[in-house]
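The structure appears below as structure tokens.
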Amino acid sequence: MRLCLGPQGWPLGLALVLGVVVGQKLPTRDEGLFQMQIRDKTLFHDSSVIPDGAEISGYLFRDTPKRYYFVVEEDNTPLSVTVTPCDAPLEWKLTLQELPDEASGEGSGKQEPLDQQKQQQVTVDEGTELFSYKGNDVESYVATSSPSGLYQLEMLSTEKDSNFKVYATTTPESDQPYPELPYDPRVDVTALGRTTVTLAWKPTPTGVLMGQPVRYCVVINKEHNFKSLCAAEAKISADDAFMAVPKPGRDFSPFDFAHFGFVRSDNDFNKDRGLTSNKISRSYTAKPKASDIQKVCIGNKNIFTVSDLKPDTQYYFDVFAVNSATNTSTAYVGTFARTKEEARQKTVELKDGKVSDVFIKRKGSKFLRFAPVSSHQRVTLFVHACLDSVQVQVRRDGKLLLSQNVEGVRQFQLRGKPKAKYLIRLRGSRKGASTLKVLATTKPSSKQPFPSLPEDTRIKAFDKLRTCSTATVAWLGTQDRNKYCVYKKEVAESYGEEQRRREQNQCAGPETRRKSEKVLCKYFHSPNLQKAVTTETITGLEPGKTYLLDVYVVGHSGHSVKYQSKLVKTRKYC
């Protein structure tokens with residue numbers, strides 16, 4: 001980092017300040033003016049001077065040191081300097097630069113010889129080292145009594161371009177910018193579930209005793225604990241918030257192109273620029289997925305339940321106390337926990353040739369196991385989804401045989417294998433709970449246990465044939481001779497399609513209906529599918545009433561499937 005030098009070898013931005021500091025005693029800080037100034041970020045943007053009593057943010061390019069300066073006006077002054085690394089470990093040291101004895105507010109204005117300036121500059125650069133640190137912890141230098149002079153803070157990031165925060169003050173007792181931690185700063189896990197974790201921590205004395213506005217922010221991720229809030233925020237934003245604006249005439253670096261979604265190799269950049277050095281290439285971590293890290297600010301509560309977590313997964317939890325007035329923060333001692341495993345589901349054993357009823361919760365799943373006793377060449381699997389569609393997955397001895405969505409009745413033919421075992425996974429719908437009937441068999445049968453169905457299971461009502469007491473309907477059949485039963489039920493006029501869909505259960509057979517609701521049963525089939533249509537006129541209805549009509553097709557083994565219900569309304573006047 002280059003600094004413009006003044007006549008005494010000092011950075012030019014500090015030359016005027018030093019002339020005043022040494023020549024005369026500066027007045028004490030005007031608190032009202034100071035509060036107004038620290039709210040104006042432009043005063044300290046890209047400045048080498050650290051203001052007294054305000055936290056500043058900065059940016060370091062990798063392997064490029066940066067210096068900041070802080071002036072202590074009087075001897076025996078308390079001093080506190082705090083450095084917060086954000087997204088990379090930092091090396092920093094604090095040195096005291098002695099003020100030159102000949103410096104005076106009454107300068108002659110004459111230019112000193114160049115060799116004398118260089119000699120003084122060497123003295124300034126070396127100084128007296130007071131403190132040094134290397135790492136990613138929030139670290140502070142605190143002295144109850146410091147000599148007057150110019151303090152230099154030199155910072156370096158050797159891993160990657162990085163953000164940081166610096167706070168310096170000569171009144172640490174009264175400022176107290178960072179919320180104070182309680183005597184026990186640990187975050188405790190008070191409850192643990194499969195998808196939830198409840199956290200609790202002791203409140204900061206800053207908010208309770210001192211009355212300062214304090215809120216808490218909780219950070220959740222799967223990688224590690226964070227030592228500062230700015231480190232977590234840097235991980236969340238992943239360079240987006242800290243994109244450096246190129247100076248006029250400056251070419252973009254490979255990082256700049258990658259930032260905007262373009263990928264080019266370093267060789268391409270070097271070729272375009274005529275460069276052979278690889279120093280323009282910087283390493284940047286990939287941006288994490290939005291779901292990998294979360295930050296939630298919860299006000300002044302000190303108990304929080306994190307929800308929507310994944311079962312059997314380790315998470316890291318950090319809590320930060322944030323001063324709402326200054327936006328400075330302090331980290332509690334974070335914790336971690338692994339959520340509980342999913343409850344192991346019992347596997348339902350299927351018996352050869354027998355129908356099993358299966359219930360699945362919304363978005364849930366069930367496992368069925370079929371282990372034929374004798375050797376077999378083929379397995380026939382029937383699946384009847386009573387409500388919404390379900391996903392069916394079948395594995396034979398661990399090998400995936402099929403994976404399909406099933407709606408209504410489906411039949412699958414699976415190739416057999418001696419002593420093979422079949423694992424059937426049924427996954428429910430996102431809309432609601434699912435009910436199914438499942439049958440697996442190795443026995444050859446000319447008659448299926450479930451009735452055959454046409455592709456379209458709707459019931460058609462003929463509006464022009466409606467009367468005050470009758471309704472005429474039609475439905476499709478198949479080439480197989482099946483039994484069809486028609487039922488009717490009077491419903492309220494407000495009965496709508498949504499309620500009809502909720503009550504649509506294809507597995508509920510005629511045995512669940514009242515005898516008074518039965519209209520008729522008949523057998524029907526057609527060798528020609530184009531002509532497999534049957535009609536029926538329902539009589540004995542009342543004028544101006546709404547009826548729900550159902551058609552059940554009954555298979556040879558007694559299992560039935562219901563067509564889609566149909567609402568009809570008789571004419572009020574005839």
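The values are calculated or read from the model by the stated rules, or taken from the named source; none is laboratory data. Remember, it's a predicted structure, so these values are computed and weren't measured experimentally. Here Cβ is always computed from backbone atoms with ideal geometry, including for glycine, and neighbour counts include all displayed protein chains. Note: areas computed on protein heavy atoms with side chains; ligands, DNA, RNA excluded. Shrake-Rupley method; radii C 1.70, N 1.55, O 1.52, S 1.80 Å.
Summarising the label geometry, the points placed 7 Å from Cα in the beta-carbon direction at Leu465 and Thr77 lie 10.1 nm from one another. Checked against a 28 Å cut-off, the cross-linked pairs Lys222/Lys363; Lys483/Lys515; Lys235/Lys301; Lys464/Lys522; Lys399/Lys483 give Cα-Cα distances beyond that limit for Lys399/Lys483. Using the Cβ-Cβ distance between Ser307 and Gln504 with R0 set to 45 Å, the FRET efficiency works out to roughly 0.85. About the centre of its Cα atoms, region 511-574 shows a dipole size close to 220 debye [charges on the beta carbon of Lys, Arg (+1) and Asp, Glu (-1) only; nearest 20 debye]. Take the Kirkwood radius over Cα pairs of region 425-539, plug it into Stokes-Einstein at 10 °C and 1.306 mPa s, and you get 92 µm²/s for translational diffusion. The fraction of accessible area contributed by carbon and sulfur in region 338-394 is 45 percent, rounded to a whole number (1.4 Å probe; ligands and nucleic acids excluded). The charge dipole of region 348-441, taken about the Cα centre with unit charges on the Cβ atoms of Lys, Arg (+1) and Asp, Glu (-1), comes to about 320 debye, rounded to the nearest 20. Protein heavy-atom surface of region 411-541, 1.4 angstrom probe: 47% of the accessible area is carbon and sulfur, with nucleic acids and ligands not counted. The residues of region 459-569 have, on average, 55 Å² of accessible surface per residue, using a 1.4 Å probe with all protein chains present.
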